Amino acid sequence: MNYKQKYSRAIMKHGRFFMIALAVCFAKTIGFSQQEFSINQKLQWKDICYDPYISSIQLFKGDNEQSVPLLELGKPEVLTLWFDDLAERRPALYYTIVHCNADWEEDNLYVGDYLNGFAQNPLPAYQLSRIARSRYAHYALTIPNREVQLKVSGNYLLKVYEKNPSQPLFIRGFSIMEPRVNITAKVRPPLTTGASCQQQLEFSLQHPGLDVRNAFTELKVRVEQNGYRIPNAKNPEPTFVEQSTTNYAQADRLWYEGVNEYRTFDIRTLEFGALGVSRIRMDDDNFYYAQLTDDSRRIGKVYTFNNDLDGQFRIDAYRRQDRQTEAEYVTAIFTLIAPVPYDYANVYVFGGLTNNTLDSRFRMEYNTERGAYELNVPLKQGYYNYRYLLVGDDGKIMMDEIEGCFSETQNTYNIFVYYRSPRDRYDRLVGFSSLNSLVAK
């Protein structure tokens, strides 16, 4: 009997919570649709989950759960990976690490060129949940560790798998930087008219210790907003180069939609409905459901500042000593009011809880009787940010159609600078800057 059969029995034994929620997940996510696959490549292709039993994936620096997963080469720093397996007990899980180019494509470097240790390693022993009604196995991993030490800068993919590394359960990206470039950056409203909801990024690179002979071919800059690349945004190109400085200040480029502040809900407590939660209830088997506040379109409304997590989430549970093994999984019920459906697009929940990808598990269904889009999905107790976005039948992503768009919105911009001389065999990450700016209109 394999673990899925065993878990199906566990589901039947322990109640309707996982019977309903995970059955829906499996029905929707045996794989990604071709459209979702294509769009995810545009958003980013470094964080993705293929297995619906895997949940609450986090990869961060040290103990800062909201940090960018990036280490400085040669420094005694570590990355921390956390995730849960709702299948509870599998025979064994493994991980492997591969080096990538600036666009997160595997560059086929020989393993010995980028790491010391073994290419494939077993994950450390899991901890089973306790106290919590919902059953799961919690895994934790730190990198580097005794088995793996990283030797060069650049982008890396961490793949967790059960049997075959070419069929991972999930993938998580991280970076190693060798600081050779200083970055001076700012965000401001565009100087041109007709861009009331845009934010413009300007920056310059100072690289006196780097032998840059052709900045247009040897330097690559990649920009993320809140952990993902803006769909259809052009990669930055230098405006001008002066001695050891490369400037990226263009009046008609590097525009990014400000969109709106993320929506928020708080399910750290199950005793009452907290922020963004209208009701907490328990079924006959003592599993929890959180009815989130009925949402509506925000487009055209006045901008209101919200000190959010820029799309991320934090696992936490009140009255629990160990939040990672004692927190409950709660069925979060999303409701988006829409008197008529969007007949030209699908509606998705989007954010860190979806790995900043389009995920079929988070595609909403329209309820004609209620005049609303709905979604039920199990989430671990914590504090969450999310947005609604539309994906047109033509594949166009519309982040502002439901949320609205404002140049005042606070967003986090991450700037990654890569260098590859004619002598190099890979893209070196030589500079990084993160700025969180509240832009004045």
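Some observations on this one:
- Some residue of the stretch 66-87 being assigned by TED's automatic domain parsing to the domain that holds residue 152, more than 27 Å from residue 179 (Cα to Cα), in contact (Cβ under 8 Å) with a residue 12 or more places away in the chain and part of a loop (DSSP other than H, G, I, E, B): yes
- The lone exception for residue 408 - which of (1) in a strand (DSSP E or B); (2) touching a residue at least 40 places away in the same chain (Cβ under 8 Å) it fails: (1)
- Only one entry in 281, 268 is in a loop (DSSP other than H, G, I, E, B) and more than 30 Å from residue 189 (Cα to Cα), namely 268.
- Condition met for residue 348 (crowded, with 21+ Cβ neighbours inside 10 Å, in contact with a strand residue (DSSP E or B) (Cβ under 9 Å, 6 or more places away or on another chain), of a type in the set (Ser, Thr, Tyr) and not assigned by TED's automatic domain parsing to the domain that holds residue 190): yes
A quick yes/no check of all residues on (1) under 17 Å from residue 222 (Cβ atoms); (2) of a type in the set (S, T, N, Q); (3) outside any loop (DSSP other than H, G, I, E, B); (4) modelled with pLDDT under 95:
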| residue | (1), (2), (3), (4) |
| --- | --- |
| 104 | yes, no, no, yes |
| 109 | no, no, no, yes |
| 139 | no, no, yes, no |
| 145 | no, yes, no, no |
| 152 | no, no, no, no |
| 160 | no, no, yes, no |
| 174 | yes, no, yes, no |
| 183 | yes, no, yes, no |
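- Contact annotation: residue pairs with Cβ atoms under 6 Å, 6 or more positions apart or on different chains, pairing a residue in the stretch 412-433 that is more than 26 Å from residue 258 (Cβ to Cβ) with a partner that is part of a strand (DSSP E or B) and basic (Lys, Arg), are 418/220; 419/428.
- Residue count for the stretch 111-124, restricted to those that are surrounded by 12 or more Cβ atoms within 10 Å (Cβ to Cβ) and part of a strand (DSSP E or B): 5.
- Flag for residue 128 being touching a His at 6+ places or on another chain (Cβ under 6 Å) and at pLDDT below 95: no
- All strands (runs of 3 or more DSSP E) inside the stretch 321-369 with 3 or more residues being within 18 Å of residue 403 (Cβ to Cβ): 329-337, 345-350
- Looking only at the stretch 80-91, and only at residues there that are farther than 18 Å from residue 356 by Cβ and not charged (D, E, K, R), the one that is modelled with the highest pLDDT: 80
- For the stretch 210-263, a residue qualifies if it is under 15 Å from residue 419 (Cα atoms), in a loop (DSSP other than H, G, I, E, B) and touching an Asp or Glu at 6+ places or on another chain (Cβ under 7 Å), and exactly one does: 212.
- Residue tally, condition of a type outside the set (Gly, Ala, Ser) and surrounded by fewer than 17 Cβ atoms within 10 Å (Cβ to Cβ), over the stretch 351-375: 6
- Qualifying positions in the stretch 125-174 - closer than 30 Å to residue 288 by Cβ, of a type in the set (Gly, Ala, Ser) and surrounded by fewer than 14 Cβ atoms within 10 Å (Cβ to Cβ): 125
The values are calculated or read from the model by the stated rules, or taken from the named source; none is laboratory data. Remember, predicted model here, so these are calculated numbers, not experimental data. Neighbour counts run over all protein chains shown; Cβ positions are idealised from the backbone, glycine included.
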